[in-house]
Amino acid sequence: QIKDSATLTRDVLEQHFSDLKGTLKKLLDERLLSLLQEVDVIEQESIKPLDECQKLIEHGVSTAEDLLREGESAVDGDVGQQNEKLCNFTKKALHIQLDSLPEVPSLVDVPCLSAQLDDCLLTILKNQIFRHGTVASRPPVQLEEFVEKPGGILVRWCKVDDDFTAQDYRLQYRKSTASHFEDVYVGPETEFIVLHIDPHVDYQFRVCARGDGRQEWSPWSVPQTGRTTLVPHEWTTGLEGYSLSSRRNIALRNDSQSCGVLYSKAPTYFCGQTLTFRQVPFGIETVGQPDRRDSLGVCVEQRNGDDSLQRDKAVCISTNGAVFVNGKEMTNQLPAVTSGSTVTFDMEVVQLGPCSNEGGNFKLRVTISSNNREVVFDWVLDQCCGSLYFGCSFSYPGWKVLVF
């Protein structure tokens with residue numbers, strides 16, 4: 001592990017600094033080009049009026065030289081032509097202003113280009129570069145525990161660096177046969193249930209953290225392998241009033257007029273586990289219209305013909321928060337089920353008397369939780385139950401329930 005992680009760290013550092021050097025060179029080249037373009041623009045704009053002034057002066061000098069040669073020719077001619085040439089010369093000289101010059105800018109007004117290069121940039125870059133990057137001997141957060149769930153794994157992690165203050169955590173996973181990790185959770189919690197896990201298949205997990213007020217993530221934890229042997233909870237297919245997701249763990253009450261109880265495909269809930277129902281928002285209406293006969297719960301057996309789990313050999317909660325045990329409503333009530341609500345069932349066995357194939361008194365300690373409140377009661381049955389069915393019933397469309 002030490003050699004492999006050291007080799008990987010060297011590769012990461014070399015690649016990062018190679019990319020950094022390439023980026024810095026590109027930025028410096030772009031800045032140099034921009035400054036050179038500024039020099040070109042200033043030079044062209046400043047030299048243009050001076051060039052025009054020079055052309056005017058050269059034109060005036062040329063005209064004066066021509067006039068001077070014409071005057072010399074008039075003086076040197078014979079007397080007959082001399083008067084005519086002098087007259088023409090005089091007229092021409094009067095029309096040419098030899099004593100005027102174009103306005104020439106003073107020397108202080110003429111641009112004199114220079115480059116100002118502050119050497120402190122090198123000092124700033126040097127200080128930043130010497131502080132850039134760190135090498136950690138161990139990540140500040142590590143995976144702590146894997147708990148099997150039906151079709152999922154509850155992953156827990158913890159900080160191992162007391163000086164590190166975490167703002168968020170980032171959990172990734174992949175199948176053991178896959179080449180790339182993918183994000184499955186980002187947030188402040190230190191545990192997360194990863195669903196859609198195939199039973200008896202190894203998955204690798206890793207976690208990292210982001211320090212308080214920082215943008216970059218810490219190094220990844222040591223990858224660890226988890227698996228579940230529990231088959232996923234599934235709703236049974238074929239009931240007209242409900243539509244199921246591809247994995248059959250989400251049930252949507254549709255517009256069908258048919259109603260009844262939608263049961264699980266098999267009795268996959270075992271005592272000692274936690275069964276969770278989550279109301280998933282659907283469409284514009286976040287939940288369907290509630291009805292006093294609505295129910296979410298568990299039962300000993302499937303029974304066709306019922307329109308609710310508010311019956312014997314079943315415990316359930318209605319969407320208005322009422323709790324029913326064997327068809328009787330309890331005095332204690334939980335909050336109403338709304339969009340995003342999570343309802344959990346936990347059960348443990350408390351046996352009364354012997355349990356045989358012929359049956360016997362059998363008691364389960366049941367805890368139902370909803371919206372940070374819970375009720376605890378004993379559920380007495382006339383038979384041993386190693387596993388239970390779960391089910392739901394809704395009178396109106398729009399309810400969408402995930403089970404795990």
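The values are calculated or read from the model by the stated rules, or taken from the named source; none is laboratory data. The structure displayed is predicted, hence computed values, not measured ones. Note: ideal-geometry Cβ built from the backbone for every residue, glycine included; neighbour counts use all protein chains shown. Just so you know, the surface numbers come from the protein's heavy atoms only, side chains and all, with ligands and any DNA or RNA stripped out. Shrake-Rupley method; radii C 1.70, N 1.55, O 1.52, S 1.80 Å.
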Take peptides 300-306, 17-23 and line them up by average Cβ neighbours within 10 Å, highest first, as a rough protection proxy. 300-306, 17-23
Taking the mean number of other Cβ atoms within 10 Å as a proxy for protection, how do you rank 204-211, 48-55 from highest to lowest? 204-211, 48-55
10 Å binning of all Cα-Cα separations within the stretch 141-228, expressed as whole percents from 0 upward: 18, 52, 25, 5, 0
Angle between the Cα long axis of helix 120-131 and the longest principal axis of the chain, 0 to 90 degrees, nearest 10? 20 degrees
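Taking 0.36 nm per intervening residue step and subtracting the Cα-Cα distance, what contour gain separates THR7 from TRP217 on full extension?
Details: separation 210, 0.36 × 210 = 75.60 nm, distance 2.03 nm.
This chain segment gains 73.6 nm when fully extended.
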Going by alpha carbons, how many degrees (0 to 90, nearest 10) lie between the helix axis of 2-76 and the longest principal axis of the chain? 20 degrees
Pick out, from ILE47, VAL207, GLY71, the residue whose Cα sits farthest towards the positive end of the charge dipole of the chain, with +1 on the Cβ of Lys and Arg and -1 on the Cβ of Asp and Glu. VAL207
Crossing angle, helix 79-95 versus the chain [Cα axis fit, 0-90 degrees, rounded to tens]: 30 degrees
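Roughly how many Å² is the accessible area per residue of the stretch 242-403, as a whole number, for a 1.4 Å probe? Let's see the in-between values first.
Values: 7520 Å² over 162 residues.
Dividing the accessible area of the stretch 242-403 by its residue count gives 46 Å².
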For every helix of n ≥ 4 consecutive DSSP H residues, a contribution of -39,500 (n - 2.57) applies; sum these over the chain, divide by its total residues, and give [θ] at 222 nm rounded to the nearest 500 deg cm²/dmol. -9500 deg cm²/dmol
Listed residues ASN88, CYS271, LEU402: farthest to the positive end of the dipole of the chain (Cβ charges): CYS271
What residue among ASP11, ASP119, ASP163 has the largest mean-square fluctuation in a Gaussian network model of the chain, using Cα springs under 10 Å? ASP119
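In nm, what is the difference between 0.36 nm times the number of residues separating GLU14 and THR177 and their Cα-Cα distance? Could you put the intermediate results ahead of the total?
Details: separation 163, 0.36 × 163 = 58.68 nm, distance 2.82 nm.
Here the answer is 55.9 nm.
Report the semi-axes of the equivalent ellipsoid for the stretch 275-351 in whole Å, largest first, where each axis is √(5λ) for an eigenvalue λ of the Cα gyration tensor.
So the three semi-axes of the stretch 275-351 are 22, 14, 13 Å.
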Between ILE317, GLN351, ASN304, whose Cα lies farthest towards the positive end of the dipole of the chain when Lys and Arg beta carbons carry +1 and Asp and Glu beta carbons carry -1, centred on the Cα centre? GLN351
Rounded to whole Å and sorted largest first, list the principal axis extents of the Cα atoms in the chain. 159, 60, 37
With no solvent and one point per C-alpha, what does the Debye sum give as log10 I(q)/I(0) for the stretch 87-209 at q = 0.10, 0.11, 0.18 Å⁻¹? -0.60, -0.66, -1.03
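So between GLU45 and ILE124, what do we pick up on full extension, going 0.36 nm a residue minus the alpha carbon distance?
Values: separation 79, 0.36 × 79 = 28.44 nm, distance 3.49 nm.
24.9 nm is the gain from fully extending GLU45 to ILE124.
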Among PRO232, PRO150, PRO281, determine the one that fluctuates most according to a GNM of the chain built with springs between C-alpha atoms less than 10 Å apart. PRO281
Treating cross-link reach as a plain straight distance, find the lysines whose alpha-carbon is under 30 Å from the alpha-carbon of LYS91, omitting any fewer than eight places away in the same chain. LYS55
